[in-house]
Structure formats: structure tokens, C-alpha cells
Amino acid sequence: MKRIFTIIILVFLVLNLKAHSSGKEVSRARKVKAQKLIEKFNFDGKLTESVYNSNPVDGFIQRDPDEGKPATEKTNVWVSYDESNIYVSARLYDSDPSSIDASLMRRDNMVQSDWFFVYLDPYLDRRTGYYFGVNPGGSLLDGTLFNDSWDDDAWDGIWEARTNIDEKGWTVEMRIPFSQLRFNELDEMRWGINFNRDIKRKNEMTYFVMVPKNESGFVSHFATLEGLTGLKSRQRFEMLPYFVQKAQYLVHDAEDPFYKGSQYKTALGVDLKVGIGSNLNLDATINPDFGQVEVDPAVVNLSAFETYFQEKRPFFIEGSNILLFGNLGVNNNWGFNFGDPTMFYSRRIGRAPQGSVSDYDYGDIPRETRIIGAAKLSGKLNESWSIGAVSAVTERTFASIEYEDVKYNQEVEPLTHYGVLRTRREFDEGKSALGLMLTSVNRDLSDHNLRSALVKQAYTFGIDGFYTLDEDEEYVIKAYAIGSFVKGSKEAMQVKQEQPYRYYQRPDAENYSYNPDMTSMSGLYSRVMLNKQKGNFYINTALGVITPGFEYNDLGFQWNANKINGHMVLGYRFFEPYSIFRKSSHYLAYFRSLDFDGNTISNGIMTFNSWEFSNYYGFGIRASYNPDRISNTLTRGGPLALSPSEFWMGIDFHTDGKEKIVGYMEGDFWTARNGAYGYEFGFDIDWKPSTQLNISVGPSYDKTNSYLQWVDAFDDPLADYTFGRRYVFADIDYKTISANIRLNWTFTPQLSLQLFIQPFLSVGNYSNYKELAKPRTLEYNEYNKAGAYISYDAENEEYTIDPDDDGEAEPFVFTNPDFNFKSLRGNFVLRYEVIPGSVFYFVWTHDKTNFDHPGDMSVGRDFNNLWTSKPDNIFLVKFSYWFNM
């Protein structure tokens, strides 16, 4: 039996590790010739110049719906250039021109349409590049390519396109300035290139170089662009000054002495872009304003952990992929309660002030910290060595306070410098890489209160890399390691020790302890992962460790520490149509995590399955089972507790994305051994009533019945079993109703209106208060059954609990935690691109909240209360003008 098993394993390895000729060699052998223009280029989208008499690029191949077959409609492409621009032009034949979809949309807001894309790899590094897309209506998309197959639409280049629809189909001319691209300047340049055409009504996606679905990568397969000779880089210097006028009409006290002084604000600032040679970009911003970005959604967070919000500010999202760490090289990064690190969470820069404010009658407390200036360097030193850096300074921020008729200023955020350096070297045409990353936070802590709350210095240093194990580039191993160091006052380090991902104050911890005299802390975060990049059969496995003292939350985003984690994923993917399905994928995973005391804190099996029908409808089913495990966070710094076993299941369904009305539905259900349960349901409807208008509505409902919702902890030397503190919990009936509503109305590719509205209602009703009776168990003393005395003071909204009634234990008091949070948030953004790069914005931000009737949900009454509440309204006008010098 053992010999048979060994033979099976050896056969499997031979079948999966055998080397064979790579399809990349064939695709890279395809050549595209760029023609140098010798006449004036009439940029009108009509293809009338003599360059179009030369032989075009053709022979597009389907990836969908029939992989490997020739395109059903002919496409001819030409590439030409002059001293300043590269031109990509195409004649896209169509047997039914009346069916061409020429929908209009705001830039980078991609919807289903007919499309033409060009992909460029100017460094010919086979890993990175740019993409530019145009549809028949003249709408534009652009972005960057990285990690061979990933893309990012945050980059906005200054380029133009012209289109024309005629009796043969449609045509396009794209003019892309060389100044917008980064490349190595050589007498004769060779770039990577690919083209893509989408035909909406046929669900057809064709490529000049088509990468099969069972292959990995994208940029590494590109054809070679030749003929670019005699190009000299121009010194790039772009300046984007802007003017902002803001008017705020906020809910306020009529006697507030600070309100009128901050109601109307005018701001001036400038963004700069400087090209350093042809390889590097230096971006800088002085006194930036991001008033045009969409508001964050409303949330109710009942955990001890911070809510993660996506970055939306253009300066920080553009080119941000170069600052990613630990997740490159492989095309799947499974987390399973571990996840890859976020060393740089850019929303730390300009965050809401962190200092607290003492008692006051009136206060002007800033909602954000002003960024004095920031600079960003990005690009490549050569085709294999990339570099990225960020440096930002935020101002010393004060709150204006009035208390008992005395006005004064109180510092709430120190002067702070944030720094990031990232570099990576790739080897063997991107088959392996080694990189490093450093981050730093330095604060000028002159205020005693801030010195007690914030560390003075925080540093991280990380090394990451990946290595391809076989000739066919099927198996890749990646690894990274990060060291952290923070230093501050004893009080600030006490705050760090008590963070919810660490809880050094836990009374039953064995391998670490709370140190009130600590002034510095260090730790390690590391992981190794093996991933199968392509093929039907799939495997992924990883082992990771985060020491208890690891800390990078001052500039990163942290939710993990004190953990040893491992997982394995096995799967099978059907890329070819079978039966009634176009494709499907199936995965089974096992994972487990331990803390440094050896406690199993997570453990389970999961399965993920998805199917797509021949008509492009699809559905997915996923499920998991988690046995009983120990929680070192449930008591929020108290002793270990037992988390009961759980079963979870989710389903989703989607319709064909090319239809005028597109739908997506999703539902989840979970239940635990102690009787707790929860479910959520939501759907999204995307409706396109015309080629200019897109409306989406996404309502959702979430219900949770939990028996272990945290309330508070109280000192009591008589609580022997729980180390002298009582850890109080409750049952909670928690319901949330919300919706994301969006309207995008594109009048022209330059003029658009965008509307976002989020109604939100969340209600929590607490009952059956109890305390942990014994660590590492599900034993709890319910106060209404354990001889305790409990009373409620409705006037002050306070509970008083005497845990042993007439015994020796002292009673304790806490505020009624019931809540009824209602919110209506919205953004109205009118955007007009006057000329390429110069944009006018008119923005209206609306926000209202209401807290009436805590613990009791009545949808009609609650939304009526919200509707009649007073709102905060902010109006903003912003104009920026692009100078290209």
C-alpha cells in the first residue's frame, strides 16, 4: 500500500512539473512594426493618412466565447509615431454597424460596451506596463499593469482619442505623448505590445496575443514592438494649480462662537509632476484638497478593531501598486485569518486628529489633519529595478475650545513626517524578484497629552521576493519578512501594549506580559507561500508567523499579532465548456492558527465553488466549518474564552453583464453551537436605460443574534476565577438595513454627473446580561438567573448590577448600550474637463444622522425621523488647470 501511494505521488509530480515549450516564446516572436510619420497627422479618427496604406496588424483570436478560434469580425491596427507622440489606430470592421455599442461614460468608469485596448510594456520587463482603452463613443480608460496579470486604473495619463462610426464599422485614433510614459531611452527601442477588442452584443473578447485561460500571466506574453528609433526624452514638467471655494452649512448651536469663522473657506494649492530622465517621475503636492472624492460609507463597528476604508484621494492611489509589499509574484494570495501585510496605509496621512479634547462648551475640532506637502517618486532605474518613495508632512493641528467663557487652543495632532521607500529587483525576465521596503513615522511631541497617547518614532523594514521553481513557470514560491520598532513614552507604550490585536495585559498569558515601564517594542511578521500559477489542478499552501510585539499601525493597517498560521488549498478549474456550463472552479481548504502560548485560535475547513452557464449567468456556493477554538480577544484583554463551533454558508448569483439590466444577488447564513446565528442578504441592480445614463441600486439586510456581545469589564477582587475582574457580555439582536445608490450621467466624455446616496439604519438591542464564569469555557453567569440584582435607571439610561445581590461584591454601573443609528450620506459631483488635464468640479456633500429610539427598529418611523433631521451640507467648487512645460 505504501509503495502504491509513493508511485502515485511520483506520477503526479512528473505530470505537473514536466517542462515543455512555453507559449510565451511563440507570442513574443510576433512582431509589430511602428511607422515613423513623414507627414502631418490629421488627428480626427477617420484614418485618411498615407500611413494606413502599409500592412496592418491583424489576426485577432477569441478568448471568449470560443477560445482559440479566429475573431468573428476583422480588426486592423497600425502603430506610428513622431517626435512627441505614439499613435495607435484601428479599423474595427463590423457586419452590423447599427449594433455597435457607443455608450458614454465618465473616464475610468468602465461599463459593458464595445472597446478597443492597447497594452504597452515600454521597459520590456515582461511584468509591468500601461493600458489605454477607447469605446466607439469616445469614452476613455487607462491604467497601469503590474505583477504580470494585475491592473490598476488609478493612473490618469494625459492623452486623447478620436472615434468615428461608419458603414464598415468604427475607427479609432489614439494619441499618447511619450512624456506620459516611462521607458529606457535607447537608439532603437523594443517594447512589449498587445491589442484587445470587445464586441458587447456577442460577448466576444479577442486579442492579438491571446493568453489561454489555463495559462498564467499577461504582460509576459506580449508581442514585440519594433521600429521606435531616434527618440529623445523631453524634460517633463507639469504643474496643476487649483482653486477651491467651500461653503459649509452644518448642524450647530446658535451660540457657537466658532461656527461662522469656519463656514466659508478658500484654499489654493498646486500639484507638480517632474520627469527625471525618461525613467522616473517625481510627484509633489502643496496644500492638497480632495473635496471631490466620494464620502466613506456609514458603518456600525461593534468590534474592538478599526474599520478599514479604501483610499480615494488621487495623489495617493495613483501609482500606489509600486508600494505593495508581500503579495507580488503569485496570482493568488489566500489569507485564512492571516493575510498579507499593509505596510503603507496611506489614509494615515491626513487622518482625523488623534488627540482627545478636555471638557468644553463649544469647540471647533478639525475633522482631518492638513497635509502641508507631500512628494512621491516612482519609476524604474532600468528594465528590472523599480523604485518608489513617499514623503509627507502634516501640520501641528489645534482644536479651538471655549469652556466657561474662556477660549483657548488645544493641540490634537502633532507635526508629523511620514516616509516610505520601496525598491525591487527582478531577475530572469521577471521569473524571480527580491525587494525591500522601509517606512517611518516621526512626531514632534511637544504636548504632554499627545506624548502620553502617541509614540514618537515608528519604523519598519521588510524584505520580500518570489522565485519560479520550474521552466514552465507553473509553481512559484514567495516569502517576506518584516521587522518593526516603535519608541515612545511609558504611557504611549502602554497604549500599544493594550491594542486589541495584542492585549499584553491578559492575566493568563504565558509567554509575554504587560510591562508598565516599557519604552520601546519590536517584532517580526513573516510568511512563505507556494502557489500553482496555472492549469486545471490547483494547489496553494502557506505558513506565517506574527510575533506578539510586532507593531506597524502608525503607518500601516494592523489587525493581527501573536499568531502562527498555516493553510492548504486544493482545487480544480474547468476552463473549457462542458455540459451546460461555460466554466467552473472548485476549491477545498484547511487552515489553522495558534497563538504563541500554543492555543488554537482558529481552525476550520472551507470550500468555494463557482459555475458560469453557457448564457453567461452564473452562481457560487461556499461553506465553512470551524470547530470549537480558544479566543484570546473576546474578553478584550481578559482571560481566554471559548468560541463555540460554527457553520457558515453563502450563495451568490449573477446575470449576463452585457444586458441592459444586470443583477447580482448574495446571501450568507451562519450558526454556532451555543444557538447564536446570523444571516445577510443583498442584491445589486445595474440599469442602463440609455447610452449616457447608468443607475445602480444595491440594498442589503443583515441580522445577527449573538449571545456573546461585549459590554464592559469591571474590577472586583472577589472575581477569583476571572483574575479579579468581571467581564460582562449580553445577548444582542442586531439588524442593519442599507443601500448604495449610484447614478452616472455622462453628457459627453468630458462632462459628467455622478451621484452617490447611502441610506443606513442599524439597531442593536442588548438583553440577558451575563459575565464570564470560567475561562476557556462557555460557562457564563446570567445575572437574571444567578441571584444577582439588576436595575435600570431610565432617566440616566444606566444599568446597575450587583453580581451577588446582598453579598460582599460591589455593584457596578454601565450605560445602556442599545443603539439606533440612522444615517443618510450623499455626494453630487459635476465634472467638466475643459481641456485635457484641466478640470472643473462642483460638489455637494450631504450628511444627516439620527439616534432616536435606541434598541427598537421600526423602519417607517426610523426613516421618517432621519428624513426630518437637520443635515450637514457642504458645497465646493474646484478648478485645476494643467500646464505642460
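Counting just the residues of segment 260-295 that are among the charged types (D, E, K, R) and without any contact (Cβ under 8 Å) to a residue 60 or more places away in the chain, which one comes out surrounded by the fewest Cβ atoms within 10 Å (Cβ to Cβ)?
Here the answer is Lys260.
Could you list, in sequence order, all residues of segment 576-603 that are over 25 Å from Asp508 (Cα atoms) and either without any contact (Cβ under 8 Å) to a residue 24 or more places away in the chain or surrounded by fewer than 17 Cβ atoms within 10 Å (Cβ to Cβ) (or both)? Hits for segment 576-603 are Glu576, Pro577, Tyr578, Ser579, Ile580, Phe581, His586, Leu588, Tyr590. Considering segment 168-190, the residues that are over 33 Å from the mean Cα position of the chain (by Cα), outside any strand (DSSP E or B) and in contact (Cβ under 8 Å) with a residue 40 or more places away in the chain include one that is nearest to Pro136 (Cα to Cα), namely Lys168.
Regarding Asn301, is this residue under 30 Å from Phe760 (Cα atoms) and exposed (fewer than 14 other Cβ atoms within 10 Å of the Cβ)?
Spelling it out, Asn301 is indeed under 30 Å from Phe760 (Cα atoms) and exposed (fewer than 14 other Cβ atoms within 10 Å of the Cβ).
Can you spot a residue in segment 858-867 that is outside any strand (DSSP E or B), of a type in the set (A, V, I, L, M, F, W, C) and open to solvent by less than 30 Å² (accessible area, probe 1.4 Å)? Yes, segment 858-867 contains at least one residue that is outside any strand (DSSP E or B), of a type in the set (A, V, I, L, M, F, W, C) and open to solvent by less than 30 Å² (accessible area, probe 1.4 Å). Quick check, is Asp121 touching a residue at least 24 places away in the same chain (Cβ under 8 Å) and farther than 30 Å from Leu328 by Cα? Judged against the criteria, Asp121 is not a match.
If you go through segment 828-835 one residue at a time, do you hit one that is closer than 30 Å to Lys735 by Cα and within 35 Å of the chain's Cα centre (by Cα)? Yes: one or more hits. Where strands (runs of 3 or more DSSP E) sit wholly within segment 382-444, those with at least 1 residues that are of a type in the set (Lys, Arg), at pLDDT 95 or above and over 30 Å from Glu255 (Cα atoms) occupy 415-427, 432-444. A count restricted to segment 727-770 and to residues that are touching a Gly at 6+ places or on another chain (Cβ under 9 Å), open to solvent by less than 10 Å² (accessible area, probe 1.4 Å) and either of a type in the set (Val, Ile, Thr) or free of Cβ contacts under 8 Å to residues at least 24 places away in the same chain (or both) stands at 3.
Considering Asn816, Asn850, the condition of being under 24 Å from Val300 (Cα atoms), surrounded by 13 or more Cβ atoms within 10 Å (Cβ to Cβ) and touching a Pro at 6+ places or on another chain (Cβ under 8 Å) is satisfied by Asn816 alone.
Does any residue of segment 240-258 turn out to be more than 31 Å from the chain's Cα centre (by Cα), touching a residue at least 24 places away in the same chain (Cβ under 8 Å) and buried (at least 17 other Cβ atoms within 10 Å of the Cβ)? Within segment 240-258, one or more residues are more than 31 Å from the chain's Cα centre (by Cα), touching a residue at least 24 places away in the same chain (Cβ under 8 Å) and buried (at least 17 other Cβ atoms within 10 Å of the Cβ). Just give me the residues in segment 137-151 being open to solvent by less than 30 Å² (accessible area, probe 1.4 Å), modelled with pLDDT under 90 and touching a strand residue (DSSP E or B) at 6+ places or on another chain (Cβ under 6 Å), in sequence order. Result: no residue meets the conditions.
Looking across segment 476-490, just one residue is open to solvent by 20 Å² or more (accessible area, probe 1.4 Å), touching a Lys or Arg at 6+ places or on another chain (Cβ under 9 Å) and closer than 30 Å to His221 by Cβ, and that is Ala479.
If the condition is being open to solvent by 30 Å² or more (accessible area, probe 1.4 Å) and either of a type in the set (A, V, I, L, M, F, W, C) or not in a loop (DSSP other than H, G, I, E, B) (or both), then segment 624-641 contributes Tyr625, Arg629, Leu634. Close contacts from segment 714-726, counting a first residue that is farther than 14 Å from Asp508 by Cα and a second that is open to solvent by 80 Å² or more (accessible area, probe 1.4 Å), with Cβ to Cβ under 7 Å and a gap of 6+ residues or different chains, come to Asp716/Glu810; Leu718/Glu808. The condition of being within 26 Å of Val662 (Cβ to Cβ) and among the polar types (S, T, N, Q) holds for only one of Ser610, Ser593, that being Ser610.
With a cut-off of at least 1 residues that are under 33 Å from the mean Cα position of the chain (by Cα) and not basic (Lys, Arg), name the strands (runs of 3 or more DSSP E) lying wholly within segment 34-125. Filter on segment 34-125 gives 61-64, 85-93, 115-121.
In segment 74-132, the residue that is farthest from Gly157 (Cα to Cα) out of those that are among the acidic types (Asp, Glu) and buried (at least 19 other Cβ atoms within 10 Å of the Cβ) is Asp94.
The condition of being without any contact (Cβ under 8 Å) to a residue 60 or more places away in the chain, in a loop (DSSP other than H, G, I, E, B) and hydroxyl-bearing (Ser, Thr, Tyr) holds for only one of Tyr572, Tyr514, Tyr552, that being Tyr514. Checking every residue in segment 781-789 against the condition of being part of a strand (DSSP E or B) and open to solvent by less than 40 Å² (accessible area, probe 1.4 Å) gives zero matches.
Here's the yes/no breakdown for (1) of a type outside the set (Lys, Arg); (2) part of a loop (DSSP other than H, G, I, E, B):
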| residue | (1), (2) |
| --- | --- |
| Arg527 | no, no |
| Asn531 | yes, no |
| Ile539 | yes, no |
| Gly544 | yes, no |
| Gln558 | yes, yes |
| Ala561 | yes, yes |
| Met568 | yes, no |
| Arg582 | no, no |
| Tyr587 | yes, no |
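Here's the yes/no breakdown for (1) surrounded by fewer than 20 Cβ atoms within 10 Å (Cβ to Cβ); (2) closer than 23 Å to Gln558 by Cβ:
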{"site": "Asn337", "(1), (2)": "yes, yes"}
{"site": "Gly355", "(1), (2)": "yes, yes"}
{"site": "Arg370", "(1), (2)": "yes, no"}
{"site": "Ala374", "(1), (2)": "no, yes"}
{"site": "Leu381", "(1), (2)": "yes, no"}
{"site": "Glu395", "(1), (2)": "yes, no"}
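Set side by side, the residues Glu666, Glu659 differ, and just one is open to solvent by 30 Å² or more (accessible area, probe 1.4 Å), on the phi < 0 side of the Ramachandran plot, acidic (Asp, Glu) and assigned to a strand (DSSP E or B), which is Glu666. Residues in segment 411-466 that are aliphatic (A, V, I, L, M), under 25 Å from Pro516 (Cα atoms) and either in contact with a Cys (Cβ under 7 Å, 6 or more places away or on another chain) or open to solvent by less than 30 Å² (accessible area, probe 1.4 Å) (or both): Val412, Val441, Leu445, Leu450, Leu454, Val455, Ala458. Being open to solvent by 60 Å² or more (accessible area, probe 1.4 Å) and in contact (Cβ under 8 Å) with a residue 24 or more places away in the chain is a description that applies to Tyr360. Can you name the residue in segment 304-317 that is touching a residue at least 40 places away in the same chain (Cβ under 8 Å) and surrounded by fewer than 21 Cβ atoms within 10 Å (Cβ to Cβ) and, of all such residues, is farthest from the chain's Cα centre (by Cα)? The qualifying residue farthest from the chain's Cα centre (by Cα) is Ala304.
Quickly run through segment 671-715 and pick out the residues that are among the aliphatic types (A, V, I, L, M) and either crowded, with 18+ Cβ neighbours inside 10 Å or in contact with a Phe, Trp or Tyr (Cβ under 6 Å, 6 or more places away or on another chain) (or both). Even if it seems obvious, please write down each step before you answer.
Residues of segment 671-715 among the aliphatic types (A, V, I, L, M): 672, 676, 685, 693, 695, 697, 708, 711, 713.
Once the filter is applied, which keeps residues that are among the aliphatic types (A, V, I, L, M) and either crowded, with 18+ Cβ neighbours inside 10 Å or in contact with a Phe, Trp or Tyr (Cβ under 6 Å, 6 or more places away or on another chain) (or both), segment 671-715 yields Ala672, Ala676, Leu693, Ile695, Leu708, Val711, Ala713.
The values are calculated or read from the model by the stated rules, or taken from the named source; none is laboratory data. No experiment lies behind these values; they were computed from the predicted model shown. All Cβ positions, even for glycine, are placed from backbone atoms using ideal geometry, and neighbour counts span all protein chains on display. Note: accessible area is taken over every heavy atom of the protein model, side chains too, but ligands, DNA and RNA are not part of it. Shrake-Rupley method; radii C 1.70, N 1.55, O 1.52, S 1.80 Å.
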